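One structure is given below, encoded as structure tokens.
Please treat every number below as a calculation from the coordinates, not as lab data. From a predicted model like this one, the values you see are computed outputs, not experimental measurements. Methodologically, a virtual Cβ is constructed for each residue, glycine included, from the backbone with ideal geometry; neighbour enumeration extends over all protein chains shown.
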């Protein structure tokens, strides 16, 4: 084939890999370099087949602690990979994008493994984090924005969305799913071939730093594994750890190691469980989380007034606004800094663009879930009580082994209060509060939904019978295992076109460009599968992809009446012109000092987390209600 053929380069690469496994690094290095030169000349530096030579040589140099050349190679590799991903991934069907991304050499993991032992790689790691965190969500958001750019594209997008709705239906027989998935992939590939350019510009750390306020600090948390070298031809990785990458407005950066992930994840899990069960004082457990996560950051927080946090791993589940400071457990983090939660620091650049004008706000609440046969006790029959929990469900043999959702009568009063404060029309309630009606909304300024939420872990055992539970819990796609419960959910078989469940997958197709805030006044709407590098695969991601600039969700179940009171107070502050984040902190503070002891529990006020734009909502303050109608 000749000395410049890609197959020759592959043979050289493989021989070099064998030499590395035998410890013959001096013989391996020139072969890797020859292979890399051939691939770059024949295929180009951004081609996927070029990447393994970059990757293998960089890992060999990392193992030999040759840090500067390893850093240079990883800079080239991460830049080439990002260019290729931004060009190619938008053209791939959604179900294949994550798979294709996973098939690439993991330059991101190797970059953070390098940073673990070479602090000179901090700028490279920061650039990598800013551009790769949440990349798939950014691509999906751009695709949705451009999907209606022409009648032809709009028709294709609607056909894909129709298949999404069919695949999301719990009533769809399993044998019909493979053919529908195949048809969806075909249509989506055709859709993206007809779209205009989907280019997403990379950002620099300098751009992000310039978007920070003068007293601001960005903290990018990152979970990673140390690289331990090769053993019998296989790369060995250490136990997961956390680090924090800090960026100041003047461009200064810092690295703060946080230690092994297992103790941190365990502490977060224990604190969450204790808080959600509301059967013990969770504050000592949250103080332990603060000691592990915040205390290492303390030397860098002097003079910081505005703190931007981009979590990773299990840190997505931490209610940071309710977390005590590491120096004074009687004070919360939100008491000492203005706290903002972001999916990625890249959002600081994106949110500089002015918001599009949204339409009238929409409130949806108190859905009619369906008729449940009367029984002797509320436990068995799901009888409604004003103290019910949003997200709670009954599982019993009497109910065909499936789910039955309790009515939430307090949401009716909540909806009336919220609609009045927003200057919205009459709330959408009862039989009208359907998934189909929710999907029809077009960019309301604020979209408030008060109902049950659900999230089914992939490991949840399937229930018996033909209920919604097996179909929802058995889905591989995490966006089909999380969502909202709406009208008809207790009788999904009655309407093949609308089973009563609005999944996160369906929500990604909504048109929320111009929506300033989505509030999911429902329990556990913040729960989802966590994927390092992409965040949480659930409702927050879905509504962000759909175009919403901010989402307010809950991390655990809260009693119905308490949620209604919390939301009324929150919207009252928004209407007075307070920022989305400030209004949340002030509402939490008010509930911590509430006259009702129940409302003073962290179980009530600590559940809600705001992600995204933290500033006031334009045209929502008192005296401007008419403009919101």
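Sorted into 10 angstrom bins from 0, the C-alpha pair distances of the range 6-127 split as 14, 42, 35, 9, 0 percent.
Extension gain residue 331-residue 291, at 0.36 nm per residue separation less the Cα-Cα distance, in nm? Walk me through the numbers on the way to the answer.
Details: separation 40, 0.36 × 40 = 14.40 nm, distance 1.36 nm.
My answer for the length gained is 13.0 nm.
A straight chain from residue 360 to residue 412 at 0.36 nm per residue would run longer than the Cα-Cα distance by 16.8 nm. Maximal additional length on extending the residue 495-residue 476 stretch stands at 4.4 nm, based on 0.36 nm per residue less the C-alpha distance. Counted over all Cα-Cα pairs of the range 205-350, pairs farther apart than 25 Å make up 32 percent. Computed from label points 7 Å out along Cα-Cβ, the spacing between residue 270 and residue 122 is 3.2 nm. In terms of its Cα atoms, the range 148-194 spans 34, 15, 9 Å along the principal axes, sorted from long to short. Structural descriptor for the range 205-350: relative contact order 26 percent, calculated from alpha carbon pairs under 8 angstrom and at least 6 residues apart. The label point for residue 279 and the one for residue 172, both projected 7 Å from the Cα toward the Cβ, are 3.9 nm apart. Extending 7 Å from Cα along the Cβ direction at residue 215 and again at residue 300 yields two label points whose distance is 2.0 nm.
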